[in-house]
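Q: Handing you a structure now.
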Amino acid sequence: MLLTKEELGRRIRSARERCGLTQEQLGEPAGLGRLAVGQIEAGTRSVSSIELDRIAYAVGRDIKSFFAEAFAEQDALTALFRSDGGLAEQTELLRALQDSLALGREMTNLERLLAIDRAQLPTAAYELRAPNTRWDAIQQGQKIAAEERQRLGLGIAPVGELGELLESQGVRAAMVSLPANISGLTLSDDTIGVFVVVSAAHPELRRRFSLAHEYAHVLLDRDRSGAISRAENRSDLLEVRANAFAAEFLMPMDGVIQFVQALGKGAASRAQMAVFDEAEAVQVEQRAAPGSQEIQLYDVALLAHHFGASRISALYRLKNLRFVDERDFHRLKSQEEAGAGKSIAEFLAAPELSGGQSTREDFRRRFLGLALEAYRREEITQSKFSELAAMVGMRREEVRVALRSAKLD
Amino acid sequence: MTIVIVTDTNVLINLIHIGRLPLLGALEPYQFRVPREVLDEIREPDQRAALDAALVAGHIERVVIDTIEALELFGILRDVMGRGEAACLALAATAGCYIASDEKKRFRRRAIELIGEERILRTESLLLEAIRRQHISVAEADVYKLVLETKRYTMSFSSFADLVS
């Protein structure tokens, strides 16, 4: 049954209100004044295709959703708005969310056109009670990271391409411009699937950590439909838990221990043992050469390189696992901050980023690959392909060259 | 009786390439309408200037897609085609117009489903109409054909003379 203008207006108003947007805020990207938005919502003014396209983008939906037989009042963006009342005022974040949702929807659409069944990629979920204390949150995060590593058959090895790993677990990962205080966010609903986004402005290793952090939210907090990871919330228990997960997932305790032992370090400077023969005990004492067990900055550089982590996070990991004490930690941290870590890493050919491709490339590769396939199979037009390519930063000329090279022009 | 033709980007650009966009104002009883989405897709400054001139001269007219039926179809078509294409096809299908588009493959298949092959015109169809109304000669049209080939648009015949006779 064809929708009436009044019902379309009601649905637009409902979507706007659920996002906490005022009529002015909705009208601005659509090029409409408050009065015009009010008239559209009341069904007394027609809305054009261009206006509706922009309105849909602003409320994180696609146009089709307004015409669905049963209008879904709730979606990923409204869930985030519900959890963060001030979202509408944060223009930069709102824009990032809108971009992310648009990308997620297009990805879902491409998979549907190509008959890719995401149901075959079920994303794991762990049910845990909410942590009571920070210590509890750390314990939970570390435990789930170890379990997830075991489930994925990772053992104690480095994770490798995290974006690809997440994709294999049914989680889409993308990179968009986020406000400086936000490292990442997780969105989840039927139209976009499970989608994590990390900040394009952050260095690759930070993004890698953020991806692991968001993966924790996917595994543990998916019932929230959406989560925003803000710097000012890092003490919140769920954020502490996600950070503990990320650290353990990227640098597993047993893996770090084995790595340090392979360097001939990490043992106590003095070890004692008693050998008992049912009558008497013989005391044995082993002393390491003075200073031989001390972790140096080059050890940190090698560890960071091995696990694809930053030297500073490797240093924290060593401290938490008690391979370095407080005094050594500060000594090494000051050396790192003075630039010594970078020099040593260069000398060792052990740069921080161990050959990992950026998250942007991971997502773009898959997105463009699917778009090319959809175009080759004549599921989408060239113009649609160009629009999709533009969404991940490809210029028109690059699109032309790519289609020509693929003999698809 | 006026016949409305919703015009897509590629046809407009082809006519701009050969400097004959004003022809659209001379092909009565056809009236060429262009959705805003299509206008937005033409961004090269010289092409944009030619388009603006044609709008001012009334050779083409802006059109807005705002009926519920057209909006719903526009939303569905956006899954598989660009904004301009979806706008043209949604309007043509719901308002009973013709469409002028050189798109092939996915677009053409969907257009045939929605409005039938007889209501789809191409750049060569418009040049042929211009020949029949004596606005251009066959020789001129053949030159335009060659010009468009240099722009990677090929027509499936050797000369307009084959179509006229």
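Q: What's the number of the only condition in (1) closer than 19 Å to A:N243 by Cβ; (2) open to solvent by less than 30 Å² (accessible area, probe 1.4 Å) that A:N320 fails to meet?
A: Just one mismatch for A:N320, condition (2).
Q: I'm checking my understanding of the structure. Among residues of segment B:139-156 that are part of a loop (DSSP other than H, G, I, E, B) and in contact (Cβ under 8 Å) with a residue 24 or more places away in the chain, which one is most open to solvent (accessible area, probe 1.4 Å)?
A: B:K151
Q: Just to verify a result, which residue in segment A:24-41, among those that are touching an Asp or Glu at 6+ places or on another chain (Cβ under 8 Å) and within 14 Å of chain B (Cβ to nearest Cβ), is most open to solvent (accessible area, probe 1.4 Å)?
A: This residue is A:G31.
Q: Of everything in segment A:75-93, what is over 26 Å from A:A374 (Cβ atoms) and either in contact with a strand residue (DSSP E or B) (Cβ under 8 Å, 6 or more places away or on another chain) or open to solvent by less than 20 Å² (accessible area, probe 1.4 Å) (or both)? Give them in sequence order.
A: A:T78, A:A79, A:L80, A:F81, A:S83, A:D84, A:L87, A:A88, A:L93
Q: Continuing with this model, one more query. Out of everything in segment A:162-184 that is part of a strand (DSSP E or B) and over 18 Å from A:M391 (Cβ atoms), what residue ends up being most open to solvent (accessible area, probe 1.4 Å)?
A: A:S183
Q: Let me ask something additional. Quick one: what pairs do we get from segment B:107-125, first residue within 14 Å of another protein chain (Cβ to nearest Cβ) and more than 12 Å from B:C88 (Cα to Cα), second surrounded by 20 or more Cβ atoms within 10 Å (Cβ to Cβ) and at pLDDT below 95, C-beta under 8 Å, 6+ apart or different chains?
A: Pairs that qualify, where the first residue is within 14 Å of another protein chain (Cβ to nearest Cβ) and more than 12 Å from B:C88 (Cα to Cα) and the partner is surrounded by 20 or more Cβ atoms within 10 Å (Cβ to Cβ) and at pLDDT below 95: there are none.
Q: A further question on this structure: Among the listed residues A:S48, A:S65, A:S14, A:S83, which satisfies the condition of being modelled with pLDDT under 90 and of a type in the set (S, T, Y)?
A: A:S83
Q: Counting only residues that are within 14 Å of another protein chain (Cβ to nearest Cβ) and out of contact with any Cys (no Cβ under 8 Å at 6 or more places or on another chain), which one in segment B:15-36 is least open to solvent (accessible area, probe 1.4 Å)?
A: Filtering segment B:15-36 for residues within 14 Å of another protein chain (Cβ to nearest Cβ) gives B:33-36.
Pick out the ones that are also out of contact with any Cys (no Cβ under 8 Å at 6 or more places or on another chain) and you get B:34, B:36.
Values: B:V34: 0, B:R36: 107 Å².
Across segment B:15-36, the extreme among qualifying residues is B:V34.
Q: List the number of the failed condition for B:T67; all other conditions in (1) out of contact with any Asp or Glu (no Cβ under 6 Å at 6 or more places or on another chain); (2) within 14 Å of chain A (Cβ to nearest Cβ); (3) crowded, with 22+ Cβ neighbours inside 10 Å hold.
A: (3)
Q: Does segment B:127-138 contain at least one residue that is more than 30 Å from A:S49 (Cβ to Cβ), without any contact (Cβ under 8 Å) to a residue 24 or more places away in the chain and more than 14 Å from chain A (Cβ to nearest Cβ)?
A: Checking segment B:127-138: at least one residue is more than 30 Å from A:S49 (Cβ to Cβ), without any contact (Cβ under 8 Å) to a residue 24 or more places away in the chain and more than 14 Å from chain A (Cβ to nearest Cβ).
Q: Please tell me if A:L162 is touching a residue at least 12 places away in the same chain (Cβ under 8 Å) and within 30 Å of A:R10 (Cα to Cα).
A: Criteria not met by A:L162.
Q: In segment B:38-57, what residues are in a helix (DSSP H, G or I), open to solvent by less than 10 Å² (accessible area, probe 1.4 Å) and within 14 Å of chain A (Cβ to nearest Cβ)?
A: Those that are in a helix (DSSP H, G or I), open to solvent by less than 10 Å² (accessible area, probe 1.4 Å) and within 14 Å of chain A (Cβ to nearest Cβ): B:V38, B:L39.
Q: Taking only segment A:42-53 into account, find how many residues are more than 14 Å from B:A86 (Cα to Cα), within 11 Å of another protein chain (Cβ to nearest Cβ) and either in contact (Cβ under 8 Å) with a residue 60 or more places away in the chain or open to solvent by 20 Å² or more (accessible area, probe 1.4 Å) (or both).
A: Of the residues in that region, 3 qualify.
Yes/no matrix, rows are residues, columns are (1) among the charged types (D, E, K, R); (2) in contact with a helix residue (DSSP H, G or I) (Cβ under 7 Å, 6 or more places away or on another chain):
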| position | (1), (2) |
| --- | --- |
| B:L23 | no, yes |
| B:A26 | no, no |
| B:Q47 | no, yes |
| B:A53 | no, no |
| B:G58 | no, yes |
| B:T67 | no, yes |
| B:G82 | no, yes |
| B:A87 | no, yes |
| B:D102 | yes, yes |
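Q: Quick one: A:L238 ticks every box in (1) in contact (Cβ under 8 Å) with a residue 40 or more places away in the chain; (2) touching a helix residue (DSSP H, G or I) at 6+ places or on another chain (Cβ under 7 Å) except a single one, so which number is it?
A: (2)
Q: How many residues does segment B:70-106 contain that are in contact (Cβ under 8 Å) with a residue 40 or more places away in the chain, in a helix (DSSP H, G or I), among the charged types (D, E, K, R) and surrounded by fewer than 24 Cβ atoms within 10 Å (Cβ to Cβ)?
A: Of the residues in that region, 1 qualify.
Q: Give the residues of segment A:362-391 that are in a loop (DSSP other than H, G, I, E, B) and surrounded by fewer than 20 Cβ atoms within 10 Å (Cβ to Cβ), sorted by residue number.
A: Hits for segment A:362-391 are A:R377, A:E378.
The values are calculated or read from the model by the stated rules, or taken from the named source; none is laboratory data. Just so it is clear, the model here is predicted, and its values are computed rather than measured. Positions of Cβ are backbone-derived with ideal geometry, glycine not excepted, and every protein chain shown enters the neighbour counts. Surface areas here come from the heavy atoms of the whole protein model, side chains and all, with no ligands, DNA or RNA. Shrake-Rupley method; radii C 1.70, N 1.55, O 1.52, S 1.80 Å.
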